[in-house]
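A.B. asks: Take a look at the following structure, please.
The values are calculated or read from the model by the stated rules, or taken from the named source; none is laboratory data. Small disclaimer: the values here were computed from a predicted structure and weren't measured. Cβ: placed from backbone, ideal geometry, glycine included. Neighbour counts: every protein chain shown. Keep in mind that these areas ignore ligands, DNA and RNA; they rest on the heavy atoms of the full protein, side chains included. Shrake-Rupley method; radii C 1.70, N 1.55, O 1.52, S 1.80 Å.
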Amino acid sequence: MNFHEVRFPASLSFGSLGGPERRTEVVTLANGFEERNTPWAHSRRRYDAGVGMRSLDDVEAMVAFFEARQGQLFGFRWKDWSDFRSCKASGEVTFEDQVIGRGDGEQTEWPLIKTYASGGYDYARPVKKPVSGTVLVGFDGIVLQEGVDWEIDLNTGVVSFGEAPDAGVEITAGYEFDVPVRFAVDAIQTSVASFQAGDVPSVPVLEVRV
């Protein structure tokens, strides 16, 4: 996949609009009941990068980033300020934030996930773009040392252990993460006059599967 491991300027994504999107197919039957299904196992997020523009310098920085990605061609990292930690938004990352698996004595690699729970149901979101220097990992309530006990692939979000965790061992992790995205358009329209009057360009950004 064409992807640049570079983050869209976080100062420009702050204040942007966006969030998760689902695709649900709804069929209404003759008796009025519905059948609902989805072809997507995971949600897809959309954002508007233009909302964070506050000055002409911001617009220039955004255009430079757009040109370097060649429009929709190359993906990049995006900081979703409303959801970028393994813990609650008001909390601090700890190694016990998320349960990412249980050892079986054989498996040595585990992908990072973030679980969203409500009303007795939950959804496990794959986390593919952890942020360097923020990942913590533990076994059964004991923190482990990076580079000695485990390694993290920052491009895929996979944690690797030198030795397979024993059967039944609870593997936990905490981290900050980015969303893999691309620009959803190949053209950006800006105007000095309209921007100074309070208008901002619309720059849609779309999550990509990696």
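A.B. asks: Can you give me the number of residues within the range 1-33 that are part of a strand (DSSP E or B) and of a type in the set (Ser, Thr, Tyr)?
C.D. replies: The total comes to 1.
A.B. asks: Among the residues of the range 49-58, is there at least one that is more than 16 Å from VAL192 (Cα to Cα) and not in a helix (DSSP H, G or I)?
C.D. replies: Checked against the condition, which is being more than 16 Å from VAL192 (Cα to Cα) and not in a helix (DSSP H, G or I), the range 49-58 yields no hits at all.
A.B. asks: Quick check, is VAL93 in a strand (DSSP E or B), among the β-branched types (Val, Ile, Thr) and at pLDDT 95 or above?
C.D. replies: Spelling it out, it is not the case that VAL93 is in a strand (DSSP E or B), among the β-branched types (Val, Ile, Thr) and at pLDDT 95 or above.
A.B. asks: Something else: Check off (1) surrounded by 15 or more Cβ atoms within 10 Å (Cβ to Cβ); (2) out of contact with any helix residue (DSSP H, G or I) (no Cβ under 9 Å at 6 or more places or on another chain) for GLU21 and give me the number that stays unchecked.
C.D. replies: The failed condition is (1).
A.B. asks: Could you say which residue among GLU163, GLU151, GLU106 is touching a strand residue (DSSP E or B) at 6+ places or on another chain (Cβ under 7 Å), surrounded by fewer than 17 Cβ atoms within 10 Å (Cβ to Cβ), among the acidic types (Asp, Glu) and over 23 Å from LEU12 (Cα atoms)?
C.D. replies: GLU151
A.B. asks: If I ask for residues that are open to solvent by 90 Å² or more (accessible area, probe 1.4 Å) and of a type in the set (A, V, I, L, M, F, W, C), which ones from the range 134-148 would you list?
C.D. replies: Once the filter is applied, which keeps residues that are open to solvent by 90 Å² or more (accessible area, probe 1.4 Å) and of a type in the set (A, V, I, L, M, F, W, C), the range 134-148 yields ILE142, VAL148.
A.B. asks: Here's a follow-up. Test of understanding: among LYS79, LYS88, LYS129, LYS114, which residue is in contact with a Pro (Cβ under 6 Å, 6 or more places away or on another chain) and either of a type outside the set (Gly, Ala, Ser) or surrounded by fewer than 18 Cβ atoms within 10 Å (Cβ to Cβ) (or both)?
C.D. replies: LYS129
A.B. asks: Go through the range 147-167 residue by residue and tally those that are part of a loop (DSSP other than H, G, I, E, B) and within 15 Å of LEU136 (Cβ to Cβ).
C.D. replies: The total comes to 5.
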